[in-house]
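The values are calculated or read from the model by the stated rules, or taken from the named source; none is laboratory data. All figures in this text were calculated on a predicted structure; none of them were measured in a lab. Here the Cβ is made from the backbone with ideal geometry for all residues, glycine too, and neighbour counts use every protein chain on show.
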Amino acid sequence: MESFTSAQAYLERHFSSGKTYSLERIRSLLSDLKSPHLAVPTIHVGGTAGKGSTSFLIASILEHAGYRVGLYTSPHLISITERITIDRTPITESAFVAILESIKSAIPQGATYFEIITAMTFAYFAREHVDVAIVEVGVGGKLDCTNVVDPRVSVITNVGLDHTEILGETIEDISRDKREIIKPKKPVISGVTQPQIRDLIIEKAASVDAPLFLAGRDFHIKNLTIGRPIVFDYVSPEKTLSNLELSLLGRHQVVNAAVAITAVFQSGFIVTADAIRKALSTASYPGRMEVMGNIIIDGAHNPMKIQALSNALTDHFPGVQFETLFAVKGDKNAFDMVRTLAPFVSHWYLTTLEALTDWGKGQMLPVNALEKTIKEADPGKPVSVVEKPEEFLQNPPPPTLITGSLYLVGAVEKWISGSRT
């Protein structure tokens, strides 16, 4: 592997591999690499929405407590190196190339893009002797290639309809898939509130004797004050933390923070209240309710995440309507996303961009199809088409909201930063 560019090209050739979902390939690969995924204590984080933010918050708390923390998330915004970090520092391009080269001979026929990057991550964290790895599920749970870890704690943030072509058409099907990250006798933490989904998680946890901690039952958010920062109390039978300040915006992030705190407490790592306070008060997560002057950037890309964004806009920007740059992947429920966001939009600006997912599919919804959807879901609103996001960004009309796709957010972040990565 001669360069970072050639390493990226190698991975991209595996986008269309592995149409059959199973754990056989990743298990074989990791076995040949002497099981690096078992060399480091792990916290495994799944869910439909909030798993990235929760993973980030868990990592931040442990880092502030003095641990060397590996964090594996997906997708990235600008560079693939963002997916693999230690103490919030992305893997260098040279280290990325070296790790890929070191495992290349063991990569089996048909291995997927995501399987290869996951194996690289485990190999890198083992090589760098991290104290703990926070591993975010890619899609689902049962057959996601991260589901080979032996976690200290499993987390299921919440469950909604997404990736139905892989996970099933109903919320119950998706819940059954996601709950498979629950492991025997290992604590599981969840922010799920829907009774029927809770019951499925309770059932699975009981069947494998896994201690279960549910938001609103076993730990609570009290005295919530919406502002910048958000202030709240975390309350559980074992611990009360009063007047916590959270710099992330949106009450959904408070739930994520409470789940993260509980996961850390159940992980066995020693963490002080001061470490938790510092982690929450300084948290900054690019592309998630990120405010840049008159621009808000949020990577909400399914109906559940758009609902969370809408709630956050109501809380933090009441009565404001936004000039909205919007793009959606073709496999998302664009109608429900538009209908939910419509009260916060004064003018829709539609754009598209080339996007490949880790599964080698999922081009962006064509602008003409998206325009038709908006006219059905939000009739009467002005709609404009911009060929490229950067055309809009050269003179964005305030106040501006950019959302609908993490790929769109990545393109925007790249343009704003001037990156050519």
- request: Keeping to segment 343-361, report how many residues are at pLDDT 95 or above and crowded, with 18+ Cβ neighbours inside 10 Å.
  value: 5
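Restricted to segment 228-258, and to residues that are of a type in the set (S, T, N, Q) and in a strand (DSSP E or B), which residue is surrounded by the fewest Cβ atoms within 10 Å (Cβ to Cβ)? Break it down into steps so the answer makes sense when it comes.
Taking segment 228-258 as the starting set, the residues that turn out to be of a type in the set (S, T, N, Q) are 236, 240, 242-243, 247, 253, 256.
From what's left, in a strand (DSSP E or B): 240, 242-243.
Values: Thr240: 12, Ser242: 12, Asn243: 10.
Among residues in segment 228-258 that are of a type in the set (S, T, N, Q) and in a strand (DSSP E or B), the one surrounded by the fewest Cβ atoms within 10 Å (Cβ to Cβ) is Asn243.
Can you tell me how many residues in segment 265-284 are in a loop (DSSP other than H, G, I, E, B) and either hydroxyl-bearing (Ser, Thr, Tyr) or surrounded by 14 or more Cβ atoms within 10 Å (Cβ to Cβ) (or both)? Before the answer, list the steps.
Going residue by residue through segment 265-284, those that are in a loop (DSSP other than H, G, I, E, B) are 268-272, 282-284.
Checking which are either hydroxyl-bearing (Ser, Thr, Tyr) or surrounded by 14 or more Cβ atoms within 10 Å (Cβ to Cβ) (or both) leaves us with 269, 271-272, 282-284.
Here the count works out to 6.
Give Gln109, Gln194 a once-over and let me know the one that is surrounded by fewer than 22 Cβ atoms within 10 Å (Cβ to Cβ) and touching a helix residue (DSSP H, G or I) at 6+ places or on another chain (Cβ under 8 Å).
Details: Gln109 fails: touching a helix residue (DSSP H, G or I) at 6+ places or on another chain (Cβ under 8 Å).
Selected residue: Gln194, the only one of Gln109, Gln194 that is surrounded by fewer than 22 Cβ atoms within 10 Å (Cβ to Cβ) and touching a helix residue (DSSP H, G or I) at 6+ places or on another chain (Cβ under 8 Å).
Taking segment 291-302, which residues are farther than 10 Å from Ala49 by Cα and surrounded by 19 or more Cβ atoms within 10 Å (Cβ to Cβ)? Steps first, answer last, please.
Of all residues in segment 291-302, those farther than 10 Å from Ala49 by Cα come to 291-299.
Hits for segment 291-302 are Ile295, Ile296, Ile297, Asp298, Gly299.
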field: segment 21-38: number of residues that are over 12 Å from Glu115 (Cβ atoms) and either among the hydroxyl-bearing types (Ser, Thr, Tyr) or not assigned by TED's automatic domain parsing to the domain that holds Arg127 (or both)
entry: 2
query: For segment 21-64, which residues satisfy the criterion of being under 21 Å from Thr193 (Cβ atoms), among the β-branched types (Val, Ile, Thr) and in a helix (DSSP H, G or I)?
result: Thr54, Ile58
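Could you say which residue among Glu371, Glu413 is in a helix (DSSP H, G or I), crowded, with 17+ Cβ neighbours inside 10 Å and touching a Leu at 6+ places or on another chain (Cβ under 8 Å)? Walk me through it before giving the result.
On the way: Glu371 fails: crowded, with 17+ Cβ neighbours inside 10 Å.
Step by step, each of Glu371, Glu413 is checked, and only Glu413 is in a helix (DSSP H, G or I), crowded, with 17+ Cβ neighbours inside 10 Å and touching a Leu at 6+ places or on another chain (Cβ under 8 Å).
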statement: Within segment 95-154, of all residues that are under 23 Å from the mean Cα position of the chain (by Cα), among the charged types (D, E, K, R) and not in a helix (DSSP H, G or I), the one modelled with the lowest pLDDT is Lys142
query: What pairs come up if the first residue lies in segment 102-114 and is over 16 Å from Asp144 (Cα atoms), the second is among the acidic types (Asp, Glu), and their beta carbons are under 8 Å apart, counting only those six or more places apart or on different chains?
result: Ala106/Asp32
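Go through the residues of segment 314-321 one by one and say whether even a single one is assigned by TED's automatic domain parsing to the domain that holds Ile374, crowded, with 20+ Cβ neighbours inside 10 Å and either in contact with a strand residue (DSSP E or B) (Cβ under 6 Å, 6 or more places away or on another chain) or modelled with pLDDT of 95 or more (or both). Before you say what the answer is, go through the steps one by one.
Quick first cut of segment 314-321, residues assigned by TED's automatic domain parsing to the domain that holds Ile374 only: 314-321.
In the following step, the residues that additionally are crowded, with 20+ Cβ neighbours inside 10 Å were identified as none.
Looking for residues that are assigned by TED's automatic domain parsing to the domain that holds Ile374, crowded, with 20+ Cβ neighbours inside 10 Å and either in contact with a strand residue (DSSP E or B) (Cβ under 6 Å, 6 or more places away or on another chain) or modelled with pLDDT of 95 or more (or both), one finds none in segment 314-321, hence no.
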field: Subset of segment 285-312 [touching a residue at least 60 places away in the same chain (Cβ under 8 Å), part of a helix (DSSP H, G or I) and under 18 Å from the mean Cα position of the chain (by Cα)]
entry: Pro303, Met304, Lys305, Ile306, Ala308, Leu309, Ala312
- line: Of (1) loosely packed, with under 15 Cβ neighbours inside 10 Å; (2) assigned to a helix (DSSP H, G or I), Leu200 fails just (1)
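Yes/no per residue for (1) acidic (Asp, Glu); (2) under 28 Å from Gly299 (Cα atoms); (3) in contact with a Leu (Cβ under 7 Å, 6 or more places away or on another chain):
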| site | (1), (2), (3) |
| --- | --- |
| Ser207 | no, no, no |
| Gly216 | no, yes, no |
| Val235 | no, no, no |
| Leu244 | no, yes, yes |
| Gln266 | no, no, no |
